[in-house]
Amino acid sequence: MEYNPAFPLLRPYTDFDNRGFWEGIKRHALVFQRCKHCGLFVHRPRPMCPRCLSTEKEWVPSEGKGKIYSYVTVHYEKTGYPGIKVPYSVVVVEMLEGVRIIANVEGIEPEELRIGMPVEVTFEDIAEDLTLPRVKKREVGSP
Amino acid sequence: MFDQYLARRYRTTTRPRKEDYLVRDNAAIVGIGATEFSRDSGRSEIQMACEAIKAAVEDAGLRMEDIDGMVRFAMDFTDEMHLISALGIPELSYFAECGYGGGASCATVMHAAAAVVTGMANYVVCYRTMNERSGRRYGHTPGVGFVKTTPSDHFGYIMPFGLTSAPIWVAMFATRYMYEYGVRPEQLGWVSVVFREHACRNPKAMFYGRPITLQDYLNSRMIVEPLRLYDCCVDTDGAVALIVTTAERAKDLKQRPAYILGATQGTATEGETMTSYYRPRITIIPESWYTAQELWRVTGVRPEDVDVVQFYDAFTCLVPMQLEEYGFCEPGEGSAFCEGGDRIRIGGELPCNTSGGHLSEAYIHGMNLIAEAVRQIRGTSTAQVPDVELSLVTGGLGVPTSAILLRK
């Protein structure tokens, strides 16, 4: 991705419930919230487990592997974010843990994108205060 | 993961009794008013709201001081407090706001109807005013530079990735929808072509006199793959106002009342504003499905009884998706229903968006669709369906949503 420094990428808002996720991203670790009581993974993070209503939860490292669930490629610059050069792609990835994340892609051309494409998570340090997850193609063979 | 979505469990056991639904047949839309629809109104949003409300009051045959209630969109930049000072309305006994963008459209009528049937007000105005073309365009990423951090947790997971405007948010659903059901672009294109045909019969439509062909659609430029320019609605400056009162009072007014058979809202778990990508399936729209189930429950009507529909058509793909969620088609069959256009155009089995819709008349956040649904009941549409008894309108989707069913 090519960035226009005149329009810095927006920084994620952090709060009590989501701080663990973004702190994980900062140290290049994708973590998901898991209920300590019933083991349900959820994303986005939330204050209470929607299955068992427990407030006891923990941050569990993800294997970082998944498949593309859906994707878009932005072509019209005014519809897109001015800080990112068009065309750029955004993907929803279904992770092995059963939750989905939103990310941009690294080294995948728009015309290569396919639903079901195996990908793995990587990280891009964009600025001192901003690291974001990216996904790149994953060799299949290992699950 | 969340098995309740997969089963699409509907809580019939916990719903109120149908007989307790007081709105049914006890309220009506009795006045409609609008400004012109344009690319640059040249005046303030509050002035346009005043003009639309004045037109609606005159249309109903009321005096301005009869108005004692108002329901606004939470997203609107105007409010009832300033409006009544410009309109010469002495007091209001009922005012409320409805959230979630275009999901509020039919909800404003629902709240107004609830107010009049419970005796909290006599004549309630519902309105939306927006300089959405000359001002802040929803099809563009909003002004940036002054905000450094996303305004909420939700936006933190989308904005930093360039997932920053409505066309991009909806395109993510469209990709998956087209993949799962094998939808071809030309199937969506027919929605655009047919609604443009309808707009070409409506002199007030933004695209009056500008028909398009399927080839024009396919040639239109990619905005955000898979959505082309003609998949997207028309950014508009304008205002629309409606007046709701009781069925009893409606009898004495100037126009044929559009009786409110049902007005419902719905939201569903694991939702976000326009980016509910974490649900087990994203080719279904649980809010719209639930709103529809509620509407059919409280009215006792079946989809096949409906004569004409105004679907919330901010993007073409939302039309086949709603055909499925409201029960006009089986899941996955909505795009085939639209193909060729014959079933959704005037003369077809389910004429849709007869004023041209958001795609080709104007985008006033669903409120111009309600005005057209009222005209279909009155028999005054420029693309009138013969003998309309039941006229359906849906609210913005992919957000907590709403719907109303009007009857003659």
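The values are calculated or read from the model by the stated rules, or taken from the named source; none is laboratory data. Keep in mind that this is a model prediction, so the values were computed, not measured. Here the Cβ positions follow ideal geometry from the backbone for every residue, glycine too, while neighbour counts run over all protein chains shown.
On the basis of being more than 18 Å from B:ILE346 (Cβ to Cβ), in a helix (DSSP H, G or I), of a type in the set (Asp, Glu) and in contact (Cβ under 8 Å) with a residue 12 or more places away in the chain, does B:GLU186 make the cut? Don't jump to the end; show me each part of the working.
Details: more than 18 Å from B:ILE346 (Cβ to Cβ): yes; in a helix (DSSP H, G or I): yes; of a type in the set (Asp, Glu): yes; in contact (Cβ under 8 Å) with a residue 12 or more places away in the chain: yes.
Judged against the criteria, B:GLU186 is a match.
Among the candidates A:TYR81, A:TYR76, A:TYR71, the residue that is outside any loop (DSSP other than H, G, I, E, B), within 10 Å of chain B (Cβ to nearest Cβ) and among the hydroxyl-bearing types (Ser, Thr, Tyr) is uniquely A:TYR71.
May I ask you to list the residues in region A:21-33 that are in contact with a Pro (Cβ under 7 Å, 6 or more places away or on another chain) and either assigned to a helix (DSSP H, G or I) or within 7 Å of chain B (Cβ to nearest Cβ) (or both)?
A:PHE21, A:TRP22, A:ILE25
Hey, among the residues in region B:156-172 that are β-branched (Val, Ile, Thr) and not in a helix (DSSP H, G or I), which one's farthest from B:VAL224 (Cα to Cα)?
Looking at the filtered set, the residue picked out is B:ILE158.
Yes/no per residue for (1) modelled with pLDDT of 95 or more; (2) acidic (Asp, Glu):
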{"site": "A:PRO82", "(1), (2)": "no, no"}
{"site": "A:LYS85", "(1), (2)": "yes, no"}
{"site": "A:ARG100", "(1), (2)": "yes, no"}
{"site": "A:GLU106", "(1), (2)": "yes, yes"}
{"site": "A:PRO110", "(1), (2)": "yes, no"}
{"site": "A:LEU113", "(1), (2)": "yes, no"}
{"site": "A:PRO118", "(1), (2)": "yes, no"}
{"site": "A:VAL140", "(1), (2)": "no, no"}
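What residue, among those in region B:220-265 that are without any contact (Cβ under 8 Å) to a residue 24 or more places away in the chain and basic (Lys, Arg), is nearest to B:GLY31 (Cα to Cα)? The residue in question is B:LYS251.
Screening A:SER54 on (1) at pLDDT 95 or above; (2) within 12 Å of another protein chain (Cβ to nearest Cβ); (3) surrounded by fewer than 22 Cβ atoms within 10 Å (Cβ to Cβ) shows it passes everything except condition (2). Determine if region A:80-97 includes at least one residue that is over 19 Å from B:ALA171 (Cβ atoms), without any contact (Cβ under 8 Å) to a residue 60 or more places away in the chain and assigned by TED's automatic domain parsing to the domain that holds A:VAL135. Yes, that holds for at least one residue.
So is B:LEU295 touching a Leu at 6+ places or on another chain (Cβ under 7 Å) and either buried (at least 21 other Cβ atoms within 10 Å of the Cβ) or in contact (Cβ under 8 Å) with a residue 60 or more places away in the chain (or both) or not? Taking the combined requirement at face value, the residue satisfies it. Within region A:57-79, if we keep just the residues that are free of Cβ contacts under 8 Å to residues at least 12 places away in the same chain and buried (at least 20 other Cβ atoms within 10 Å of the Cβ), the residue that is nearest to B:PHE155 (Cα to Cα) turns out to be A:THR79. Is there a residue in region A:35-50 that is more than 8 Å from chain B (Cβ to nearest Cβ), small (Gly, Ala, Ser) and touching a strand residue (DSSP E or B) at 6+ places or on another chain (Cβ under 9 Å)? Checking region A:35-50: not a single residue is more than 8 Å from chain B (Cβ to nearest Cβ), small (Gly, Ala, Ser) and touching a strand residue (DSSP E or B) at 6+ places or on another chain (Cβ under 9 Å). Quick one: is B:ALA292 within 14 Å of chain A (Cβ to nearest Cβ) and not in a strand (DSSP E or B)? Here the answer is no, as B:ALA292 does not meet what is asked.
Please find, within region A:101-113, the residue that is nearest to the other protein chains (Cβ to nearest Cβ) out of those that are in contact with a Lys or Arg (Cβ under 9 Å, 6 or more places away or on another chain) and surrounded by fewer than 22 Cβ atoms within 10 Å (Cβ to Cβ). Going through the qualifying residues, I end up with A:ASN104.
Scanning region B:201-234 for residues that are within 14 Å of another protein chain (Cβ to nearest Cβ) and part of a loop (DSSP other than H, G, I, E, B) returns B:SER220, B:ARG221, B:PRO226, B:CYS233. Screening B:GLY119 on (1) in contact with a Lys or Arg (Cβ under 8 Å, 6 or more places away or on another chain); (2) of a type in the set (Gly, Ala, Ser); (3) outside any helix (DSSP H, G or I); (4) at pLDDT 95 or above shows it passes everything except condition (1). Kindly indicate whether any position in region A:1-15 is among the charged types (D, E, K, R), within 12 Å of chain B (Cβ to nearest Cβ) and not in a strand (DSSP E or B). Scanning region A:1-15 turns up at least one residue that is among the charged types (D, E, K, R), within 12 Å of chain B (Cβ to nearest Cβ) and not in a strand (DSSP E or B). Residues in region B:370-396 that are among the hydroxyl-bearing types (Ser, Thr, Tyr) and part of a loop (DSSP other than H, G, I, E, B): 3 in all.
Which of the residues spanning region B:322-369 are of a type in the set (A, V, I, L, M), farther than 23 Å from B:ASP76 by Cβ and assigned to a loop (DSSP other than H, G, I, E, B)? Within region B:322-369, B:ILE344, B:ILE346, B:LEU350 qualify. Evaluating A:TRP59 against the criteria (1) within 13 Å of chain B (Cβ to nearest Cβ); (2) outside any loop (DSSP other than H, G, I, E, B); (3) among the aromatic types (Phe, Trp, Tyr) leaves one unmet condition, (1).
For (1) under 22 Å from the mean Cα position of the chain (by Cα); (2) within 7 Å of another protein chain (Cβ to nearest Cβ); (3) at pLDDT below 95; (4) surrounded by fewer than 24 Cβ atoms within 10 Å (Cβ to Cβ), each residue gets a yes or a no:
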| position | (1), (2), (3), (4) |
| --- | --- |
| B:LYS148 | no, yes, yes, yes |
| B:PRO151 | no, yes, yes, yes |
| B:LEU163 | no, yes, no, no |
| B:PHE173 | yes, no, no, no |
| B:ARG176 | no, yes, no, yes |
| B:TYR181 | no, no, no, yes |
